[in-house]
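Here is the structure we will look at.
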Amino acid sequence: MMYIKRNENGEVVAVSEERLAGFVEVSSDDAGLQSFLASTATDRVESRFRDSDSSLIRVIEDLVDLLTTKGIIRFTDLPPEAQDKLMLRKSLRGQDEHLNLIDEAGDDIFNFD
């Protein structure tokens, strides 16, 4: 058995394996419980993807900077929309230096020569 707490609209807002104040006992196959558990799992997966996307975006930005610095690509070779987005992000990151993943000293770890 599980215990759930509902809000004023009857939606499940919390689940417990122990009886707590304000919780009612339901069977493990209760539709409200199952819906709550499914949405919570989906929220966790979506949150992990958002976190991963944010990290990957920073890596890509640093990679473009590295490739342009090494002369492998020119910034102007990128589509104008990509240039605009990268410039905006670079401007925002310039306001918060701790967001840079590759610093000046770290550029020599990639030898493209």
Q) Which residues, taken from the stretch 48-74, are charged (D, E, K, R) and under 19 Å from the mean Cα position of the chain (by Cα)? A) Arg48, Arg50, Asp51, Asp53, Arg58, Glu61, Asp62
Q. Hey, among Ser39, Ser47, Ser27, Ser35, which residue is within 19 Å of Val13 (Cα to Cα) and loosely packed, with under 10 Cβ neighbours inside 10 Å?
A. Ser27
Q. Do we find that Phe75 is under 30 Å from Met1 (Cβ atoms) and either touching a helix residue (DSSP H, G or I) at 6+ places or on another chain (Cβ under 7 Å) or at pLDDT 90 or above (or both) in this structure?
A. no
Q) Does Glu8 satisfy the criteria of being out of contact with any Ser or Thr (no Cβ under 9 Å at 6 or more places or on another chain) and in a loop (DSSP other than H, G, I, E, B)? A) yes
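The values are calculated or read from the model by the stated rules, or taken from the named source; none is laboratory data. Not measured: the values here are computed from a predicted model. Here Cβ is always computed from backbone atoms with ideal geometry, including for glycine, and neighbour counts include all displayed protein chains.
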